[in-house]
Amino acid sequence: RAKSAGGNRFELADPEADARAITRHGLTTALPAALERGEFFIEYQPLVHLGDGSVRGAEALVRWLHPQHGVLGPDRFIPLAEHTGLIVPLGRWVLEQSVRQARDWCERYGDGAPLRINVNLSPCQLTHPGLVQDTVDILERAGVTPQALCLEVTESALIGADDDLLKPLRRLAEMGVDIALDDFGTGYSNLANLRRLPVSVLKLDRSFTQSMQQFPADPVDLKIVEGIVSLAHSLDLAVTVEGVETGAQAEQLRILGCDTAQGWYYARPGPPERLHQLALVDATG
Ligand code: C2E
Ligand code: MG
Ligand code: MG
Ligand code: MG
């Protein structure tokens, strides 16, 4: 098929690549209106304490209910939003919704509400000058303490980060916001570098959890996780594991000393009411 654009005529040899490109282009141009029309929504996935099985909080994961394509996962549109800069208002919207949701959970459960909220930050948001003030405003408007919020930043976003990039994260950490290093173990970062980062949580990447699936698990992987956990704890960092799909994995990771877990074994990401149910079951029995 040939297409002409502005007098430039070009042939597309690969129709599938063509369809993908058009979709990507179409999705990219549809993003701003989608935000205005309220086509994004958030699912929450519980974070469970490995020691006692209690729900300690949830991670907010954004989705797009596209009028033609149905529900799209973040991997389909976050990179596009990062590319166009829409990630800044979209990220702010996710933060605001999530923080309000956390307040709603607190109101339902009273002071003893264990629920903290984890929100992903993309590297573009880190370099945006409004990050700290926006976060302060959102927390204040919702009446939520900074201690209830954890911002997740990927390890790769912080590799080689200079002081300018770390400054806003330091400010947030000083206020009491937790910073988690997401997908930890995939970015080849220097472990000694951890001391320099204002992080209080390591989120061990799903690839480690996957290697705990076989029984017995690969002894080298066991040693690596054991080493990461002991290093993390000696630096006063908590360890969360992602992608726990079986009870055997949960048990192995608990024995290895991990603190918190997240994965399909406990619950898939879902609507906020799911969290109410899980936490209630948890509180009553
Ligand atoms: P992530 O932050 O590492 O989130 C964990 C991903 O693992 C989620 O994918 C979650 O649904 C999935 N997951 C959870 N438990 C399991 C399990 O047991 N097995 C398997 N196979 N997968 C599991 P999701 O929702 O597709 O999100 C993908 C990524 O998109 C996230 O990875 C995060 O980096 C990004 N993302 C999601 N929401 C936002 C957001 O609001 N802002 C930004 N900047 N990025 C976001
Ligand atoms: Mg995350
Ligand atoms: Mg992660
Ligand atoms: Mg991950």
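Some notes on this structure:
- Within the range 218-242, considering residues that are of a type outside the set (Asp, Glu) and within 16 Å of ligand 3 (Cβ to nearest atom), the one most open to solvent (accessible area, probe 1.4 Å): Ala238
- Condition met for Gly26 (more than 25 Å from Glu242 (Cα to Cα) and open to solvent by 20 Å² or more (accessible area, probe 1.4 Å)): yes
- Those residues of the range 138-175 which are at pLDDT 95 or above, away from ligand 1 (no atom under 16 Å from the Cβ), aliphatic (A, V, I, L, M) and closer than 29 Å to Gly227 by Cβ, in sequence order: Ala173
- For the range 41-62, filtered to residues that are of a type in the set (D, E, K, R) and more than 16 Å from ligand 4 (Cβ to nearest atom), the residue that is farthest from Val99 (Cα to Cα) is Asp52.
- Beta carbons closer than 6 Å, at least 6 apart along the sequence or on distinct chains, pair a first residue in the range 155-176 that is within 26 Å of Glu140 (Cβ to Cβ) with a second that is part of a helix (DSSP H, G or I) and open to solvent by 70 Å² or more (accessible area, probe 1.4 Å) for Gly176/Gln147.
- Here is the figure for the range 243-253: residues that are buried (at least 17 other Cβ atoms within 10 Å of the Cβ) and not polar (S, T, N, Q) total 4.
- Elements of type helices (runs of 4 or more DSSP H) contained in the range 61-129, each with 2 or more residues being modelled with pLDDT of 95 or more and within 27 Å of Leu158 (Cβ to Cβ): 74-84, 87-109
- If the condition is being in a strand (DSSP E or B) and charged (D, E, K, R), then the range 10-54 contributes Glu11, Glu43.
- Residues of the range 52-73 that are without any contact (Cβ under 8 Å) to a residue 24 or more places away in the chain and crowded, with 16+ Cβ neighbours inside 10 Å: Arg63 alone.
- When each of Asp178, Asp163 is tested for being under 19 Å from Thr135 (Cα atoms) and among the acidic types (Asp, Glu), the lone residue that passes is Asp178.
- Residue check, Pro32 out of contact with any helix residue (DSSP H, G or I) (no Cβ under 7 Å at 6 or more places or on another chain), open to solvent by less than 80 Å² (accessible area, probe 1.4 Å) and modelled with pLDDT of 75 or more: yes
- Enumeration of residues in the range 163-184 that are open to solvent by less than 30 Å² (accessible area, probe 1.4 Å) and within 16 Å of ligand 3 (Cβ to nearest atom): Ile179, Ala180, Leu181, Asp182, Phe184
- Hits in the range 85-94 (condition: more than 9 Å from ligand 1 (Cβ to nearest atom) and either without any contact (Cβ under 8 Å) to a residue 40 or more places away in the chain or open to solvent by less than 20 Å² (accessible area, probe 1.4 Å) (or both)): Gly85
- Residue satisfying all of: in the range 135-160; in a helix (DSSP H, G or I) and of a type in the set (D, E, K, R); surrounded by the most Cβ atoms within 10 Å (Cβ to Cβ) among these: Glu155
- Qualifying residue in the range 128-149 (condition: basic (Lys, Arg) and either within 26 Å of Asp183 (Cα to Cα) or in contact with a strand residue (DSSP E or B) (Cβ under 9 Å, 6 or more places away or on another chain) (or both)): no
- Test: residue in the range 74-84 that is open to solvent by 20 Å² or more (accessible area, probe 1.4 Å), farther than 21 Å from Gly263 by Cα, out of contact with any helix residue (DSSP H, G or I) (no Cβ under 9 Å at 6 or more places or on another chain) and away from ligand 3 (no atom under 16 Å from the Cβ): no
The values are calculated or read from the model by the stated rules, or taken from the named source; none is laboratory data. Owing to the predicted nature of the structure, the values given are computational and were not obtained by experimental measurement. Backbone-built Cβ (ideal geometry, glycine too); neighbour counts: all protein chains shown. Areas reflect the complete protein model, heavy atoms only, side chains present, ligands, DNA and RNA absent. Shrake-Rupley method; radii C 1.70, N 1.55, O 1.52, S 1.80 Å.
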